[in-house]
1. I want to verify a result. In a Gaussian network model of the chain, Cα cutoff 10 Å, which of these has the top mean-square fluctuation: 47, 196, 136?
2. With all pairs of different alpha carbon atoms counted, what Kirkwood hydrodynamic radius in Å does the chain show?
3. Quick one: which residues, 5+ away or cross-chain, put their amide H under 5 Å from the amide H of residue 243? H built at 1.01 Å from N.
4. How many Å² of accessible area per residue for the chain, probe 1.4 Å?
5. Multiply the residue gap between residue 209 and residue 20 by 0.36 nm, knock off their C-alpha separation, and tell me the result in nm, one decimal place.
6. Could you run the Debye sum over the Cα atoms of region 10-164, one equal point scatterer each and no solvent, and tell me log10 of I(q)/I(0) at q = 0.11, 0.15 Å⁻¹, two decimals?
7. Within the set 67/165; 99/214; 238/272; 214/278; 189/238; 99/189, which residue pairs have Cα atoms separated by over 20 Å?
8. Given points 7 Å out from each Cα along the Cα-Cβ axis, report the residue 219 to residue 73 separation in nanometres with one decimal.
Amino acid sequence: MSSSAQDKQKTWRVIDLIHWAESYFKEKGFSNPRAEIEWLLQSILSCSRMDVYLRFEETLTQSQLSKLRGWVQRRITHEPLQYITGSTEFYGRHFFVTKSVLIPRPETERLIDISLDKIPETDKLDILDIGTGSGCIAITIGMERPRVHVDAIDISKEALFIAQKNKNHHNANNVHFGEIDILNNSIQKPVDFIICNPPYIPNIEMDSLMEDVKKYEPSHALTDGIDGLTFYRRIAEKSREWIIPGGWIILEVGLNDHPLKSMDLFKDQGFKNVELLKDYNGDDRILVVNIA
Ligand code: GLN
């Protein structure tokens, strides 16, 4: 699909675009070329994947075509679809994303499920989300448990801007954002829960990440630049000050030996009730610590 004047007169139906883009993505080495174009079309047409199929014969407008053309070119460079379309789904809700925030992951929905199991619907608990990024954890917990109060912090102003936009979009009025560098500052009063997904990839593993992730997602949201344990160490050391007795810490953890190393940091602080829970792939993914 070139942008020549002659081409501009050609009409493109949804089905034509699917065929064209599928072979283009295939030629560029994408493993699921059809899914790539279907994602982009869903967003261009503001519809579900199913609806894309029902709208095969529909013709795109010139402005839709030029937008799609730009998006395909961006995708060819491996920019994640979510940054291109500007949004993603998390726990059944729509979240805006930009390159300033990590793209919310399906694994993190497991963190939400485990947290919700421990948060009674009736209690007015205080919850802290450290490194909120898009705000996906804080906003989801806030909306699923309207009586709780969620404070969500991040070091990045740009991330907090997106998180606030997501909060406004969902009217999550029990969620509040603040700019704090938690590695060098403390929180003002202890909370009942810390729920968070810290940057946990060890620096030496950064090179082996998928190109989409490595090239486009903010590196400070992926790695601490060291061993992937900096945030876990900090939270373990501060738990008695930051969490009320009987409270909980629920953290996402990484792969390989990262879950056990994270768990040991809490055991070293004398915590006995420390547990690793698996994700749906069978990998240890969530660390749960009870502050006795
Ligand atoms: N809390 C956000 C998420 O889980 C961002 C996490 C991060 O930047 N490490 O998606």
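The values are calculated or read from the model by the stated rules, or taken from the named source; none is laboratory data. Treat the numbers as computed from the prediction; the structure is a model and nothing was measured. When we count neighbours, we look across all protein chains shown, and the Cβ atoms used for this are built from the backbone with ideal geometry, even at glycine. In case anyone asks, the SASA skips ligands and DNA or RNA and just uses the protein heavy atoms, side chains included. Shrake-Rupley method; radii C 1.70, N 1.55, O 1.52, S 1.80 Å.
1. Of 47, 196, 136, the Gaussian network model singles out 47 as fluctuating most.
2. One over the average 1/r among Cα pairs gives 20.7 Å for the chain.
3. Residues meeting the criterion, in which the H sits 1.01 Å from N, are 191.
4. With the other protein chains kept in place, the chain gives 48 Å² per residue.
5. Full extension of this stretch gives 65.1 nm more.
6. Values, matching the q order: -0.55, -0.85.
7. Violating the 20 Å limit, Cα to Cα: 67/165; 214/278; 99/189.
8. Output for this residue pair reads 2.8 nm.
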